[in-house]
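Here's the structure we're looking at; comments come further down.
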Amino acid sequence: MAAARDTAVQDLVVAGFGPSGIALAAAVEDHDDAAGGPPLAARYLEKAADSAWQPNLVLPGTDIQHHFLRDFATPRDARSRFTFPHYLQQSGRFYPFTLMGGYVSRLEWSDYVQWAARQVRGTVEYHREVLGIEPVTGPDGRVRTARVTSRDPRDGSLHTVEGRNVALATGHEPYVPELLRPHLGERVFHASRLLPALAALSGTPLRSIAVIGAGQTAGEIVLHLAAQHPDAEIHSLVRHAGFRMYELGHFSNEVYFPDETDYFYGLEGEQREQALEQARATNYAAVDPDVSTALYQAAYQDRFTGRNRLHMHRRTEVASVGQEDGGRVRLATEEVFTGERGVVTADAVVVCTGYREPVLPRQLAAFLPYLRLDPQGRPEVTRAHRAETTGDCEVGIYLDGLTEWRHGIGSATSFSQMAAKADTVHRDLRARLSRPAAPVAA
């Protein structure tokens, strides 16, 4: 199928218009508003139908895990039209919100994300899944632009646009252990598909549901399923002694401050790995105090009433997966230390095993000859999240939210540095665009 080609060369093409892409657009447009003159030529591509934030996990009673002032713009410029306080003022809920206390609900934060996306004046194209980013070589052999090819998932049509700079803001990818991958489908699914997957099973009696994982999402899903399916047995399977709480110490959570990113970036490879491992307890494989309390209260109440429908399988891992008559899933389990075996049979299995950062985003495969790689095969990146390229490549390639291994835990999926990261990328982008282009050889 021939691709529909946009002949205008953009200053910036952004693949992904979720939180990272929106934050970058906010930085671009705030600068344009302040500077006047012609705006930056930018194109934003998003494979989904909108910019809804984690739409399949917006569960009743759940909230975000960061302070609401760590939004798309406040840390960068509190006067921005993209801030959460401005969203509240525009919605007429500013004063009621001030009486709420606590963290913002996931439902309201998702609404804020979509509101911020609508404030962007630049060209945003939804239903555009970026498939590849290819170098465009001039007559002198230099690469001055990149051709970005996207597909409309509704009809399969292909579209291309060229940019002098490209930012990948596609986020981390859902991770499913190899043992479970062959069984993914209607009955076994990753948590990122929770609500539509459950809706697809609405006509199926759910007598037993298994949840694999021990992070915040797993804890919230266990509580949600227990409330929504009061007659079903809920099986929670975790590899350690039970749901652990996040490391909430004030000092340890300063890893989400920008100066900590500077510190982390300055470390050597093995030092970075050790520092990242220390920081993981602040955000991964744990739950917040509210969820920990609610889970324990639910387990206690279940024990007190004698219903015995909430099963907390601690120090348990899945050894094999099978299917029984009627489509039910059979999980053979083993105790981590003793090896004791067991079986959990479920009508649905929710896999809450988190997300992974790609070593090299697959969209950049064609650019591989122009990328400088480290010994592990990962792109060398600057402090400004720009991939280091060979001397004959002038295209700026930004890995926005895809370099936790290089910039630290605050630079990837957390909102805490979303605005600061966008500011860093944007400043580097403007500096590059202000430089005179290398002359084209005759």
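Contact map, the range 298-324: residues that are farther than 14 Å from Ser208 by Cα paired with residues that are among the basic types (Lys, Arg) and surrounded by fewer than 17 Cβ atoms within 10 Å (Cβ to Cβ), Cβ distance under 6 Å, separation 6+ or inter-chain. Pairs shown: Glu317/Arg239; Gly322/Arg330. Residue check: is Tyr126 buried (at least 19 other Cβ atoms within 10 Å of the Cβ), within 29 Å of Ala35 (Cβ to Cβ) and of a type outside the set (A, V, I, L, M)? Criteria not met by Tyr126. Assess whether Asp71 counts as being assigned by TED's automatic domain parsing to the domain that holds Arg121, among the charged types (D, E, K, R) and in contact with a Gly (Cβ under 9 Å, 6 or more places away or on another chain). Answer is no for this residue. When residues in the range 290-313 are screened for being charged (D, E, K, R), exposed (fewer than 13 other Cβ atoms within 10 Å of the Cβ) and part of a helix (DSSP H, G or I), 1 of them pass.
Inspect all residues belonging to the range 75-82 and state whether any of them is aliphatic (A, V, I, L, M), part of a loop (DSSP other than H, G, I, E, B) and buried (at least 20 other Cβ atoms within 10 Å of the Cβ). Reasoning before the result, please.
Here is the first cut: in the range 75-82, the residues aliphatic (A, V, I, L, M) are 78.
Within this subset, residues satisfying the condition of being part of a loop (DSSP other than H, G, I, E, B) are 78.
Restricting the remaining residues to those that are buried (at least 20 other Cβ atoms within 10 Å of the Cβ) gives none.
No - not one qualifying residue is present in the range 75-82.
Checking Ala384, Ala420, Ala431 one by one, the residue that is of a type in the set (Gly, Ala, Ser), over 30 Å from Ala218 (Cα atoms) and part of a helix (DSSP H, G or I) is Ala431 and no other. Give me a count of the residues in the range 83-120 that are assigned to a loop (DSSP other than H, G, I, E, B), over 20 Å from Glu220 (Cβ atoms) and within 24 Å of the chain's Cα centre (by Cα). Qualifying residue count for the region: 2. The condition of being at pLDDT below 95 and within 26 Å of the chain's Cα centre (by Cα) holds for only one of His190, His224, His183, His240, that being His240. Between Leu295, Leu310, the distinction of being at pLDDT 95 or above, in contact with an Asp or Glu (Cβ under 9 Å, 6 or more places away or on another chain) and closer than 17 Å to Ala241 by Cα belongs to Leu310 only. Candidates in the range 321-356 are the residues that are under 25 Å from Glu173 (Cβ atoms) and surrounded by fewer than 19 Cβ atoms within 10 Å (Cβ to Cβ); of these, the one that is farthest from the chain's Cα centre (by Cα) is Val321.
Of the listed requirements (1) over 19 Å from the mean Cα position of the chain (by Cα); (2) in the same structural domain as Val104 (by TED's automatic domain parsing); (3) touching a residue at least 24 places away in the same chain (Cβ under 8 Å); (4) not in a helix (DSSP H, G or I), Gly377 misses just one: (3).
Evaluating Glu29 against the criteria (1) of a type in the set (Asp, Glu); (2) more than 17 Å from Phe415 (Cα to Cα); (3) assigned to a loop (DSSP other than H, G, I, E, B) leaves one unmet condition, (3). Considering every residue within the range 116-131, establish whether at least one is at pLDDT 95 or above, of a type in the set (Lys, Arg), farther than 30 Å from Leu195 by Cβ and in contact with a strand residue (DSSP E or B) (Cβ under 8 Å, 6 or more places away or on another chain). For the range 116-131, residues at pLDDT 95 or above, of a type in the set (Lys, Arg), farther than 30 Å from Leu195 by Cβ and in contact with a strand residue (DSSP E or B) (Cβ under 8 Å, 6 or more places away or on another chain): absent.
Quick test of your reading of the structure: Met100 fulfils all but one of (1) under 30 Å from Ser80 (Cβ atoms); (2) in contact with a helix residue (DSSP H, G or I) (Cβ under 6 Å, 6 or more places away or on another chain). Name the failing condition by number. (2) is the only condition that Met100 fails.
For the range 121-155, the candidate set comprises residues that are within 21 Å of the chain's Cα centre (by Cα) and among the β-branched types (Val, Ile, Thr); within that set, the residue that is farthest from Glu388 (Cα to Cα) is Val124.
What are the residues in the range 323-355 that are of a type in the set (Ser, Thr, Tyr), assigned to a strand (DSSP E or B) and more than 21 Å from Ser202 (Cα to Cα), if any?
Applying the first criterion (of a type in the set (Ser, Thr, Tyr)) to the range 323-355 yields 333, 338, 345, 353, 355.
Imposing the further condition that a residue be assigned to a strand (DSSP E or B) reduces the set to 333, 345, 355.
Matches in the range 323-355: Thr333, Tyr355.
Among the candidates Val211, Val238, Val188, the residue that is surrounded by 14 or more Cβ atoms within 10 Å (Cβ to Cβ), over 20 Å from Gln297 (Cβ atoms) and assigned by TED's automatic domain parsing to the domain that holds Val321 is uniquely Val188.
Of all the criteria given as (1) buried (at least 18 other Cβ atoms within 10 Å of the Cβ); (2) within 25 Å of the chain's Cα centre (by Cα), the one not satisfied by Tyr370 is (2).
I'd like to check something: does the range 3-23 contain any residue that is charged (D, E, K, R), in contact (Cβ under 8 Å) with a residue 24 or more places away in the chain and surrounded by 20 or more Cβ atoms within 10 Å (Cβ to Cβ)?
Going residue by residue through the range 3-23, those that are charged (D, E, K, R) are 5-6, 11.
Subset that is in contact (Cβ under 8 Å) with a residue 24 or more places away in the chain: 5-6, 11.
In the following step, the residues that additionally are surrounded by 20 or more Cβ atoms within 10 Å (Cβ to Cβ) were identified as none.
Within the range 3-23, none of the residues are charged (D, E, K, R), in contact (Cβ under 8 Å) with a residue 24 or more places away in the chain and surrounded by 20 or more Cβ atoms within 10 Å (Cβ to Cβ).
The values are calculated or read from the model by the stated rules, or taken from the named source; none is laboratory data. Just so it is clear, the structure is predicted and the values come from calculations on it, not from any experiment. Here the Cβ is made from the backbone with ideal geometry for all residues, glycine too, and neighbour counts use every protein chain on show.
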